Amino acid sequence: LGYYSRAKRLWEGAKKIVQEFDGRLPNNARDLQKEVPGVGRYTAGAVASIVFGECTPVVDGNVIRVLSRWRAIHADPKKAKTVDLFWEIAASVVPEANPGDFNQAMMELGARVCVPQNPTCDQCPIRKNCRAYNQLEICKNISKDGFFQEKKRKRVDTDHESAVSIVERIDLDGVEPLYLISKRPDTGLLAGLWEFPSIELSSLDTKYAGRSLETTDYLKTKYNVELQECVRHDLGNVVHLFSHIRKVYHIEWIQFKSEEKFKETDEIKWVTMSELLKAPIPTGLKKAIKLFEKFKVRTKIFLITAT
């Protein structure tokens, strides 16, 4: 879910480094994490140890697997308390000399030798001190595949359904049609991206008749768009999967003619299709646009034109 904000954070971090740090990164993990937007605990530790030689740990999934087997820790690696424990253990073993090399070696050990399934323990340089390996040597019939790293129960995807309106405004002066979009909040899911007007639905309220009534009221209330004379088409739905959400978008295409100049704000715009495609838009919206374009190609329904 952090994917869409990475470019924004990178830009914010770069600006702050130039403006407040004279173009130089802080040389320790504490200041990197505290001062630079987008830099978390892992990145701060990696940069500080590898670039600046600070004796500080780096913990990722590979390191957690190595440490959990080395110390025979059977715990959920995704829980905050467990992760904090692994950071403490990692900090206790990072050497003063060449901490960056050590951290990279730990990550490589987990990526190449101490892998999730069928680890090559006979090639591992720390097997003599590995508690999990020694216990498995005593009890040969126990599988070594992830035995000392508890698997988190698979999270069931949650269904979220939305009514999405592709509102197309046909100007009577014959210019290119304009589409209504709004900007999402700067925090939360899909932060700062642009989208078509949408309403969250309950799973029991997805029929087109109900959706269209809700949409009419919503467009009037939030966007001051009154749909007195318009053509409406139910285009069906598209599905987009996030890490823990199954999002179902029910798409409606609404066309109307207007000479009115609608007020725009920093969060509400009327744009051409070419402008829309250049804007920062989520993948779900791109799927909606593809469905919209396919419908326009194959439909036999009369469409509004400027003439």
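Some points to look at:
- Filtered by the rule that a residue be crowded, with 17+ Cβ neighbours inside 10 Å and part of a loop (DSSP other than H, G, I, E, B), the stretch 231-283 gives Phe242, Ile281, Pro282.
- Search result, residues across the stretch 68-92 that are closer than 24 Å to Gly53 by Cα and free of Cβ contacts under 8 Å to residues at least 24 places away in the same chain: Asp84, Leu85, Glu88, Ile89, Ser92
- Here Asp217 meets the list (1) out of contact with any His (no Cβ under 9 Å at 6 or more places or on another chain); (2) at pLDDT below 90; (3) exposed (fewer than 13 other Cβ atoms within 10 Å of the Cβ) almost entirely, failing just condition (2).
- Among the residues listed as Val59, Val47, Val18, the single one being modelled with pLDDT of 90 or more and closer than 15 Å to Ala91 by Cβ: Val59
- If you go through the stretch 242-298 and keep only what is acidic (Asp, Glu) and more than 18 Å from His160 (Cβ to Cβ), you end up with Glu259, Glu260, Glu264, Asp266, Glu267, Glu275, Glu293.
Residue by residue, here is whether (1) surrounded by fewer than 18 Cβ atoms within 10 Å (Cβ to Cβ); (2) on the phi > 0 side of the Ramachandran plot; (3) at pLDDT 95 or above; (4) of a type outside the set (Ser, Thr, Tyr) holds:
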| residue | (1), (2), (3), (4) |
| --- | --- |
| Pro77 | no, no, no, yes |
| Asn103 | no, no, yes, yes |
| Glu108 | yes, no, yes, yes |
| Pro116 | yes, no, no, yes |
| Cys121 | yes, no, no, yes |
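- Selection within the stretch 227-266: residues that are among the acidic types (Asp, Glu) and at pLDDT 90 or above. The member of this set that is farthest from Pro177 (Cα to Cα) is Asp234.
- Applying a threshold of 8 Å to beta carbon distances and a minimum spacing of six or more residues, or different chains, the list of pairs starting in the stretch 4-31 at a residue that is touching a residue at least 24 places away in the same chain (Cβ under 8 Å) and ending at one that is buried (at least 16 other Cβ atoms within 10 Å of the Cβ) and of a type in the set (Ser, Thr, Tyr) reads Asn28/Thr56; Ala29/Ser49; Ala29/Thr56.
- Residues of the stretch 162-195 that turn out to be within 19 Å of the chain's Cα centre (by Cα), surrounded by 13 or more Cβ atoms within 10 Å (Cβ to Cβ) and in a loop (DSSP other than H, G, I, E, B), as a count: 6
- The condition of being assigned by TED's automatic domain parsing to the domain that holds Ser165 and within 12 Å of Val164 (Cα to Cα) does not hold for Val231.
- Helices (runs of 4 or more DSSP H) wholly inside the stretch 1-97 that include at least 2 residues being closer than 30 Å to Gly192 by Cβ and not hydroxyl-bearing (Ser, Thr, Tyr): 6-21, 29-35, 41-50, 80-93
The values are calculated or read from the model by the stated rules, or taken from the named source; none is laboratory data. Predicted model only: the values in this text are computed from it and were never measured. Backbone-built Cβ (ideal geometry, glycine too); neighbour counts: all protein chains shown.
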